[in-house]
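A.B. asks: Mind having a look at this structure? Questions to follow.
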Amino acid sequence: MTPTIQTALFIAVVGLAGIFVFMSFFYLIILALDKYLPYQEEKPVEEFIEEISEEEESEE
Amino acid sequence: MNTLLSLTDNLRTFWGYTGFANAETGHIVMILVGLFFIYLAVKKEYEPLLLIPIGFGILIGNIPFNEAANLQVGIYEEGSVFNILYQGVVQGWYPPLIFLGIGAMTDFSSLIANPKLILIGAAAQFGIFGAYIIALQLGFAPNEAGAIGIIGGADGPTAIFTTSKLAPHLLGAVAISAYSYMALVPVIQPPFMRMLTTKKERVIKMKTPRVVSQTEKVLFPIMGLLLTAFLVPSGLPLLGMLFFGNLLKESGVTRRLAETARGPLIDTITILLGLTVGASTQATTFIRWESLKVFAIGALSFIIATCAGILFVKFMNLFLGKDKKINPLIGNSGVSAVPDSARISQHVGMEYDPSNYLLMHAMGPNVAGVIGSAVAAGILLGFLY
């Protein structure tokens, strides 16, 4: 095996490992986003109005 | 008599400037290649937005003219209009601007909803490094091999950006090869997808992805940018612009900027990029044994990338529960020909089960492939530039 091919193999292995590490970080970030900022269904406007009017009534 | 002689001389001089007098076999061959590209785009509708400018550019670049006359028309003649436009390719300005547009039109939801698909986008980059080693074995210098290897990423702007830095003399061959194979993805990938999967695997139905919140969509490009900046800074010109474009889209408050980036801006750059890359394939610099080798390695890199993506899904399935299995037909989407390779997953999947919609799942690895190939380009630049 020539030194050039040895270097090429080294770059290929390090490169692929680097890509997997990079993508794994991304994977973890997305998991964290999902855990700490989960999707919440937006409340319809009517519900908001009801909530506000209830709050106002209780204040009175 | 003198007038007649003078007229003959003038006609002879005029003839010397025409394309007929300067045409060589190479010019004719390249003009036929250009016409073939235009035929593929118009008749077969293979990547017409790219193949029409490239095909027409090949025609422009191969109009024979008297180079000694210093007409300032050739793309390699300093100061000519085409030479000035070509600087965007040579200096690497166009690809990041294209990535800005791609970011502004990409929806990362499918990836965020099922993040393990991101690893398929990483696995498909075996094509890049496989082609890199093959190119070295065939006698290319390491920097040239890196430029050729990037064809396996199936990403035209990334290939052009990397080649402009590593081996500018191969720019025409690499760009034409990358865009040709991207256009031929519907022909190249399906046989390998069928060959590497069983009938049982092809009908795996995947769960509907979860809904992704707006906050996640906004944070994703910011996190992506920071991750790129810290881990692979050499990938910043491409990935930085990709994530910037995506933030313009997802922030919801820069709609006008996002529309410009994914509309007029990307269209303008695509025209300039396609035309000048096509015109850079002048017969004298393009028709060489080296170019043929680049084409052959390019085809191999696409095949390796496709097979690696599919085999990696099969490998992942060994560790996944029965209801979480991934259909290996989406493995081909790890190559970043967006959205063509995802459409092929859908098309081949529906051949075996017409009720199995794989497109939304295939878009995950597809956009991951865009990120993966840009990271691979950054790594190669880091080692070889």
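A.B. asks: With the checklist (1) modelled with pLDDT under 90; (2) in a helix (DSSP H, G or I); (3) of a type in the set (Val, Ile, Thr) in hand, flag the one item B:Ile134 doesn't pass.
C.D. replies: (1)
A.B. asks: Taking the options B:Leu248, B:Leu273, name whichever one is more than 14 Å from every other protein chain (Cβ to nearest Cβ), over 30 Å from B:Tyr76 (Cα atoms) and crowded, with 20+ Cβ neighbours inside 10 Å.
C.D. replies: B:Leu248
A.B. asks: Here is a further query. Among the listed residues B:Thr285, B:Thr260, identify the single one that is hydroxyl-bearing (Ser, Thr, Tyr), at pLDDT 95 or above and over 17 Å from the mean Cα position of the chain (by Cα).
C.D. replies: Working: B:Thr285 fails: at pLDDT 95 or above.
Going through B:Thr285, B:Thr260 in turn, the sole match is B:Thr260.
Conditions (1) more than 10 Å from every other protein chain (Cβ to nearest Cβ); (2) assigned to a helix (DSSP H, G or I); (3) modelled with pLDDT under 85; (4) in contact with a Ser or Thr (Cβ under 6 Å, 6 or more places away or on another chain), marked per residue:
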site	(1), (2), (3), (4)
A:Ala8	no, yes, no, no
A:Val13	no, yes, no, no
A:Ile30	no, yes, no, no
A:Gln40	no, no, yes, no
A:Lys43	yes, no, yes, no
A:Glu46	yes, yes, yes, no
A:Glu57	yes, yes, yes, no
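A.B. asks: Go through the stretch B:230-245 and give me each residue that's among the hydrophobic types (A, V, I, L, M, F, W, C), over 20 Å from B:Val212 (Cβ atoms), within 12 Å of another protein chain (Cβ to nearest Cβ) and part of a helix (DSSP H, G or I).
C.D. replies: Those that are among the hydrophobic types (A, V, I, L, M, F, W, C), over 20 Å from B:Val212 (Cβ atoms), within 12 Å of another protein chain (Cβ to nearest Cβ) and part of a helix (DSSP H, G or I): B:Phe230, B:Leu231, B:Leu239.
A.B. asks: Could you tell me whether any residue of the stretch B:202-215 is outside any loop (DSSP other than H, G, I, E, B), more than 9 Å from every other protein chain (Cβ to nearest Cβ) and more than 30 Å from B:Arg262 (Cβ to Cβ)?
C.D. replies: Yes, that holds for at least one residue.
A.B. asks: For the stretch B:333-352, give me each residue that is surrounded by fewer than 24 Cβ atoms within 10 Å (Cβ to Cβ), outside any loop (DSSP other than H, G, I, E, B) and out of contact with any Lys or Arg (no Cβ under 6 Å at 6 or more places or on another chain). Working first, answer last.
C.D. replies: Filtering the stretch B:333-352 for residues surrounded by fewer than 24 Cβ atoms within 10 Å (Cβ to Cβ) gives B:338-340, B:343, B:346-348, B:350-352.
With the extra rule that they be outside any loop (DSSP other than H, G, I, E, B), the set shrinks to B:340, B:343, B:346-348, B:350-352.
Result: B:Asp340, B:Arg343, B:Gln346, B:His347, B:Val348, B:Met350, B:Glu351.
A.B. asks: Let me ask something additional. Looking at (1) free of Cβ contacts under 8 Å to residues at least 60 places away in the same chain; (2) outside any helix (DSSP H, G or I); (3) of a type in the set (A, V, I, L, M, F, W, C), find the lone condition where B:Phe140 falls short.
C.D. replies: (1)
A.B. asks: Could you check how many residues of the stretch B:312-330 are of a type in the set (A, V, I, L, M), in contact with a Leu (Cβ under 8 Å, 6 or more places away or on another chain) and in a loop (DSSP other than H, G, I, E, B)?
C.D. replies: So the answer is 1.
A.B. asks: Can you say whether B:Val348 is within 15 Å of the chain's Cα centre (by Cα) and assigned by TED's automatic domain parsing to the domain that holds B:Leu119, as far as the supplied structure shows?
C.D. replies: no
A.B. asks: If you scan the stretch B:43-64, which residues turn out to be hydrophobic (A, V, I, L, M, F, W, C) and touching a Leu at 6+ places or on another chain (Cβ under 6 Å)?
C.D. replies: First, pick out the residues of the stretch B:43-64 that are hydrophobic (A, V, I, L, M, F, W, C): B:49-52, B:54, B:56, B:58-60, B:63.
Result: B:Leu51, single match.
Yes or no, residue by residue, for (1) in contact with a Cys (Cβ under 7 Å, 6 or more places away or on another chain); (2) under 29 Å from A:Leu28 (Cβ atoms); (3) crowded, with 24+ Cβ neighbours inside 10 Å; (4) modelled with pLDDT of 95 or more:
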position	(1), (2), (3), (4)
B:Gln91	no, no, no, no
B:Tyr94	no, no, yes, no
B:Ser110	no, yes, no, no
B:Gln125	no, yes, yes, no
B:Gly153	no, yes, yes, no
B:Pro168	no, no, no, no
B:Ile176	no, no, yes, no
B:Pro186	no, no, no, no
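A.B. asks: I've got another one for you. For the stretch B:127-137, what are the residues that are touching a residue at least 60 places away in the same chain (Cβ under 8 Å), surrounded by fewer than 24 Cβ atoms within 10 Å (Cβ to Cβ) and at the interface with chain A (Cβ under 9 Å from one of its Cβ atoms)? I'd like the intermediate steps shown before the answer.
C.D. replies: The initial filter retains those residues of the stretch B:127-137 that are touching a residue at least 60 places away in the same chain (Cβ under 8 Å), namely B:127-132, B:134-135.
Filter again for surrounded by fewer than 24 Cβ atoms within 10 Å (Cβ to Cβ), leaving B:130, B:134.
Selection gives B:Gly130 alone.
The values are calculated or read from the model by the stated rules, or taken from the named source; none is laboratory data. No experiment lies behind these values; they were computed from the predicted model shown. Neighbour counts are summed over all protein chains in view; Cβ atoms, including those assigned to glycine, are modelled from backbone coordinates with ideal geometry.
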